[in-house]
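What follows is a set of notes on a single structure, which appears directly below.
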Amino acid sequence: IHILEEKLGCCLFERHHKKMTLTASGKIFLSYAENILGQYEESKIRIREISKEFAGTIRIATIYSIGLYQLQPIIRNFLRRFRQMDIRLEYHSFDRIYEMTANRQIDFGFVSHPREQRGIVAKVFEEEKLVVAQSHHHRVLKKKKISLSDLNGAKFVAFASQTPTRLAIDGFLHKHAVRPLIINEYDNIETLKSAIQLGIGCSIVPKVTLLRELRDGSLEVLPTRGLSLKRPLGILYSKDAVFTKSLREFYEAV
């Protein structure tokens, strides 16, 4: 590190006793270093693929709900076909995934409500149905079937503010003049489902994330007249990405 700092003519770390933190220069250099390492890994994969050998690592970052549900069967099927491949999976917030994709720190990012940005290609691969869910044992709404208007003033738990899914739900409810009473907000689907199970509030969530809870009877879906809301799921990659044979196969498998 000292040799590197001498060559660069700057300090990369601030040293405080046994702790080290990146300086402003260190943060800039880190992103370039990660890109260099990423290109090195990419070169190894391409060299292997000259001999038609599927090997190497695919780097993926995803939001929780996609990673825990839609992505798992895709990864399992891919690894059954290409046993020499390694998939490195990380969970991050949607904004961090866009940042990692743009910086080529990952090969693919998975987010809801994907949007193309400078340097990023986005493709919708699925649209999942959103439903009203509540605890089977601590019901917030007593009817077996409801209308959107029944959510007015109802205790409601929501995704964290500013997440794409939350903004889409808020926009839909506002358009239909529906204002539930938001009790709390959660940043991932598993915590949100736990809050629903405890009867803290009902919520609007992707139906696919409820399969286990519907089987064990802890949650129930309320048929809701007027609720026609779907959540697009997307895969992101850098416009500068070099699609190796392995990356192309994974992309086409999604």
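The values are calculated or read from the model by the stated rules, or taken from the named source; none is laboratory data. What you are looking at is a predicted structure, and each value in this text was computed from that prediction instead of being measured. So basically every Cβ, Gly included, is an ideal-geometry build from the backbone, and we count neighbours across all protein chains shown. Areas reflect the complete protein model, heavy atoms only, side chains present, ligands, DNA and RNA absent. Shrake-Rupley method; radii C 1.70, N 1.55, O 1.52, S 1.80 Å.
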Legend entry - Virtual spin-label span in nm between residue 47 and residue 121, 7 Å along Cα→Cβ: 2.6
Legend entry - Accessible area of the stretch 212-254 divided out per residue, in Å², using a probe of 1.4 angstrom: 49
Inset, instruction - Could you tell me which helices of the chain pass both thresholds, a Cα extent of 20 Å or more along their own axis and a mean Kyte-Doolittle hydropathy of at least -0.5, with helices taken as whole DSSP H runs? - result: 24-50
Legend entry - For the stretch 6-22, Karplus couplings with θ = phi - 60° (6.51, -1.76, 1.60), whole Hz, Gly/Pro x: 5, 5, 7, x, 7, 8, 8, 10, 9, 10, 10, 6, 9, 9, 10, 10, 6
Inset, instruction - Name the residue, out of 242, 157, 131, whose mean-square fluctuation peaks in a Gaussian network model built on the chain with Cα pairs under 10 Å. - result: 242
Legend entry - Förster radius 30 Å - calculated FRET efficiency between residue 167 and residue 190 (Cβ-Cβ, nearest 0.05): 0.90
Legend entry - Under-5 Å amide H pairs with residue 199, H placed in peptide plane, nonlocal only: 135
Inset, instruction - Can you grab the distance from the C-alpha centre of the stretch 211-228 to the C-alpha centre of the stretch 62-141, Å, no decimals? - result: 22
Legend entry - Lys/Arg +1, Asp/Glu -1 at C-beta; the stretch 99-155 dipole; positive extreme among 138, 117, 103: 138
Legend entry - In the stretch 1-47, trypsin sites (Lys or Arg not before Pro) in a DSSP loop with at most 15 other beta-carbon atoms within 10 Å: 18
Legend entry - Cross-link table 142/207; 18/44; 145/230; 155/207, entries beyond 31 Å C-alpha to C-alpha: 18/44
Inset, instruction - Jot down the radius of gyration and Dmax of the stretch 114-207, Cα atoms only, both in angstrom. - result: 14.5, 49
Legend entry - Heavy-atom surface of the stretch 1-100, accessible at 1.4 Å and reported per residue (Å²): 68
Legend entry - Proximal charge balance of residue 125 [Cβ under 14 Å; K/R count +1, D/E count -1]: -1
Legend entry - residue 185 long-range amide H proximity, modeled H, under 5 Å: 158
Inset, instruction - Pop out the carbon and sulfur fraction of the accessible area of the stretch 136-254 as a percent, whole number, probe 1.4 Å. - result: 51
Inset, instruction - Could you list which residues have their amide H under 5 Å from that of residue 125, counting only those 5 or more apart in sequence or on another chain, with H placed in the peptide plane? - result: 233, 234, 235
Legend entry - Estimated FRET transfer efficiency when R0 is 35 angstrom, pair residue 28-residue 136 (beta carbons, to 0.05): 0.10
